[in-house]
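A.B. asks: My structure is below; once you've seen it, I'll send some questions.
The values are calculated or read from the model by the stated rules, or taken from the named source; none is laboratory data. Everything numeric here is computed off the predicted structure, so don't read it as measured data. No Cβ is skipped: glycine too gets one built from the backbone with ideal geometry, and neighbour counts run over all protein chains shown. Remember, those area values only see protein heavy atoms, side chains included, never the ligands or the DNA or RNA. Shrake-Rupley method; radii C 1.70, N 1.55, O 1.52, S 1.80 Å.
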Amino acid sequence: MSYDDVEIEDMDWNEELLAFTYPCPCGDLFQITKAELKIGEEIARCPSCSLYITVIYNQEDFMDSDQNKSVEPARQQRVVTVA
C-alpha cells in the first residue's frame, strides 16, 4: 500500500534529478521522471527507504505533443543579401 496519494501539481520539478519530487518522511525525496509518467507509471519511490507514493496525474499531459498533430511543411524564407 502506498504511503500517500499526491497530485502531480503538488510535486516539484527538480532540474538536477530531472524528475518530479516530493518530500519523504525519511528526509529524502520521492522521485518520478517524465519518461515514467509518459508510459503510465504512477509510483514515485524514495531512494533511501521503502516508502512510495501514488502520483495522481493525467497521462495525456505527458505524451509527445507532436504525436497527435499533423506535420506542417517547412516554410521557405527568401534570403536577401546586400552587396
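A.B. asks: Could you list all residues from the stretch 1-18 that are surrounded by fewer than 10 Cβ atoms within 10 Å (Cβ to Cβ) and either modelled with pLDDT under 95 or part of a loop (DSSP other than H, G, I, E, B) (or both)?
C.D. replies: Those that are surrounded by fewer than 10 Cβ atoms within 10 Å (Cβ to Cβ) and either modelled with pLDDT under 95 or part of a loop (DSSP other than H, G, I, E, B) (or both): MET1, GLU15, GLU16.
A.B. asks: Taking into account only those residues within the stretch 49-67 that are open to solvent by less than 80 Å² (accessible area, probe 1.4 Å) and either over 13 Å from MET11 (Cα atoms) or among the basic types (Lys, Arg) (or both), which is modelled with the lowest pLDDT?
C.D. replies: ASP64
A.B. asks: Identify the residue in the stretch 35-48 that is touching a Phe, Trp or Tyr at 6+ places or on another chain (Cβ under 6 Å) and closer than 24 Å to MET63 by Cβ and, among all such residues, is most open to solvent (accessible area, probe 1.4 Å).
C.D. replies: Ranking the candidates gives ARG45 first.
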